[in-house]
1. Take Leu402 and tell me if it is aliphatic (A, V, I, L, M) and open to solvent by less than 70 Å² (accessible area, probe 1.4 Å).
2. For residues that are touching a Lys or Arg at 6+ places or on another chain (Cβ under 8 Å) and buried (at least 16 other Cβ atoms within 10 Å of the Cβ), tally how many sit in segment 327-348.
3. Starting from residues that are open to solvent by 40 Å² or more (accessible area, probe 1.4 Å) and not in a loop (DSSP other than H, G, I, E, B), keep the ones in segment 244-259 and report whichever is farthest from the ligand (Cβ to nearest atom).
4. Determine whether segment 269-285 contains at least one residue that is touching a residue at least 24 places away in the same chain (Cβ under 8 Å), open to solvent by less than 70 Å² (accessible area, probe 1.4 Å), touching a Cys at 6+ places or on another chain (Cβ under 9 Å) and not aliphatic (A, V, I, L, M).
5. Exactly one condition in (1) assigned to a loop (DSSP other than H, G, I, E, B); (2) surrounded by fewer than 22 Cβ atoms within 10 Å (Cβ to Cβ) is not met by Glu191; state its number.
6. Of the residues that make up segment 130-142, is at least one surrounded by fewer than 23 Cβ atoms within 10 Å (Cβ to Cβ), assigned to a helix (DSSP H, G or I) and within 16 Å of the ligand (Cβ to nearest atom)?
7. Among the residues that make up segment 360-382, is at least one of them surrounded by fewer than 15 Cβ atoms within 10 Å (Cβ to Cβ), out of contact with any Leu (no Cβ under 9 Å at 6 or more places or on another chain) and part of a helix (DSSP H, G or I)?
8. For segment 13-45, enumerate the residues that are in a loop (DSSP other than H, G, I, E, B), open to solvent by 60 Å² or more (accessible area, probe 1.4 Å) and within 16 Å of the ligand (Cβ to nearest atom).
Amino acid sequence: MFTSKNSKFVGNPVRKLDLLAEKLSIEGKKVIKLNTGDPAKYFSPPKTLQKAYIKAIKENKFFYSSILGVKELREEIARRYKKYYNLEVRDERIVVAQGISELINFLNASLIDINDSAILFRPFYPPYLPSLLFFGGKPLFVDFDEEKEWSIDVDILRRRIKNQRKKPKYILLINPNNPTGSVLSKKELEEIVEVAKDFDIFIVSDEIYDELVFNEKFTSICEVAKGIPYAIFNGASKSYVATGLRLGYAIFPEEDKKSNELYKKFVDFASLRLCANTPAQYAFAEALKNEKEHKVFLRKFLKELKQRVKLSTKLANEIDCLSVKEPKAAFYIFPKVDFSKLKIKNDKELVEKLLIKKFVQVVDGSGFGSPKHIRIVTLADKQTLNEAFQRISEFFKEERKLS
Ligand code: PLP
């Protein structure tokens, strides 16, 4: 084989059917894409961000910026964390990247040797798994309990770690969660931190949806993990509706040995690709600075998201073979599919057939580690969602087993 052995793991389940969808569109089919969590397709980022991007370009800010990221941006990120979560962090401990997507590879490239493991709560955001496998690692899955609002049984986590000869390199939290829209309670976080402390394991918390929680107060890992090694990933993509800006960041608040070592490796990996998009960093810094605008923006955005998630949940539950509870955050629903009533064998076949027959693109649950489900993005406007669920409903009727 010409390509490397481990490259077989690489690929993003969320975009697997994109080329087929494109082909159908070119053929004139009206494809409804409910596969990528891209708010920028349906909403616009705050005005400040748009203006500041243009300004940065006009001011010729096309140079390679600092390896860590533009200082103004790092200062704004540090200020945000102080204000939101009362976290004291020096801006030097922030590494700006081309989206969390890049940080996922920094993480595994920095920590994983062959056969090292990492704890992934299942279901999880897909790219974490192929990246871990690519670097020779293996996942240790711990399942969320769907029956208990996707909560975590910390005793299972403890046992899972105890049974390993070699302890996992890190525990990954995706909080709020994609695909389930669940949010970890403060108590759950405290219990996870306790386990991490007992076994001396690093925590990584992806909190990209921290501002998109509907009815409850979100607790960040930095509010409960004081004194233990951890990192936070966050970015511009979701709460600033700026997916195409490609900006994310990692924060290493603690200065223990593990945090310091990992931070230094992130800087090394960041230096390999010189820097993140420079004008975009100036734009994001300005957007973070304009808190007043962001607050107004967010209020409207959240209201819209809530309505769309609510509508999608209702429409999904009206379909005989689907069941789902309303998510607490973000813009996805993750319905369970009753395959016993269907002619279709599995989730992968389901999503492909749905696209070919009804021109609606959703994602199979397998990519999230949960083949009994499918993930539907709820960002589209009301009319598009109604049309999509109408087609999904017809599809399920046609695919029902004759009894
Ligand atoms: N992390 C989670 C949990 C996500 O859901 C997504 C995108 O859907 C990302 C990271 C990607 O982030 P970025 O656009 O910063 O690469």
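The values are calculated or read from the model by the stated rules, or taken from the named source; none is laboratory data. Being a predicted model, the structure only gives us computed values, none of them experimental. Glycine gets a Cβ as well: all are built from the backbone with ideal geometry, and neighbour counts include every protein chain shown. When the accessible area is computed, the model is the full protein with side chains, heavy atoms only, and any ligands, DNA or RNA have been set aside. Shrake-Rupley method; radii C 1.70, N 1.55, O 1.52, S 1.80 Å.
1. Details: aliphatic (A, V, I, L, M): yes; open to solvent by less than 70 Å² (accessible area, probe 1.4 Å): no.
The answer is no for Leu402.
2. So the answer is 11.
3. Of everything passing the filter in segment 244-259, Lys257 is farthest from the ligand (Cβ to nearest atom).
4. Looking through segment 269-285, at least one residue is touching a residue at least 24 places away in the same chain (Cβ under 8 Å), open to solvent by less than 70 Å² (accessible area, probe 1.4 Å), touching a Cys at 6+ places or on another chain (Cβ under 9 Å) and not aliphatic (A, V, I, L, M).
5. (1)
6. yes
7. no
8. Residues satisfying the conditions are Lys16, Tyr42.
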